[in-house]
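Trainee: Structure incoming, see below.
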Amino acid sequence: MTPELDLKALFSPPRFKVLGFLSQVEVTDYPTIQEFTGLSIPEISRAVGYLQEHGLAHATKDVKGRYTVTMVAASDLGRKRFRELWRELKKYGVDA
């Protein structure tokens, strides 16, 4: 997949929100992503699956007490792609 297609694919709101949040934290779990993005767990799962498949994020399973928790982190490539996407958006006057 070319970098241009990666950036276009990241314009998907759930992917954009998840990668944007992951770019700001070292590692996090689904409930925290949900709290900060307003996405449902299935939306987060699909977005993380896509990001992981394309090398933009890493997900691992961790056991906390009796429960398994999925921990997620942006990869270096994911952080780079998000910065590129943000620069592209700024060209069109989008600013936070």
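The values are calculated or read from the model by the stated rules, or taken from the named source; none is laboratory data. Because the structure is a prediction, the values reported are computed rather than measured. Here the Cβ positions follow ideal geometry from the backbone for every residue, glycine too, while neighbour counts run over all protein chains shown. Side chains are part of the model used for accessible areas, which takes the heavy atoms of the whole protein and leaves out ligands, DNA and RNA. Shrake-Rupley method; radii C 1.70, N 1.55, O 1.52, S 1.80 Å.
Trainee: Which one is most open to solvent (accessible area, probe 1.4 Å), of the residues in the stretch 16-47 that are over 16 Å from A74 (Cα atoms) and of a type in the set (A, V, I, L, M)?
Mentor: So the residue we want is I41.
Trainee: If I ask for residues that are in contact (Cβ under 8 Å) with a residue 40 or more places away in the chain, in a helix (DSSP H, G or I) and touching a strand residue (DSSP E or B) at 6+ places or on another chain (Cβ under 8 Å), which ones from the stretch 52-96 would you list?
Mentor: G78, F82
Trainee: Still on this structure: Sort out which residues of the stretch 13-51 are of a type outside the set (V, I, T), within 11 Å of the chain's Cα centre (by Cα) and in a loop (DSSP other than H, G, I, E, B), and write them in order of number.
Mentor: S23, Q24 - these are the residues of the stretch 13-51 that are of a type outside the set (V, I, T), within 11 Å of the chain's Cα centre (by Cα) and in a loop (DSSP other than H, G, I, E, B).
Trainee: When you scan the stretch 85-96, do you find a residue that is within 11 Å of the chain's Cα centre (by Cα) and not acidic (D, E), even just one?
Mentor: Within the stretch 85-96 (the criterion being within 11 Å of the chain's Cα centre (by Cα) and not acidic (D, E)), the answer is no, since none of the residues qualifies.
Trainee: Do we find that V63 is of a type in the set (A, V, I, L, M, F, W, C), surrounded by fewer than 16 Cβ atoms within 10 Å (Cβ to Cβ) and under 21 Å from K80 (Cα atoms) in this structure?
Mentor: It is false that V63 is of a type in the set (A, V, I, L, M, F, W, C), surrounded by fewer than 16 Cβ atoms within 10 Å (Cβ to Cβ) and under 21 Å from K80 (Cα atoms).
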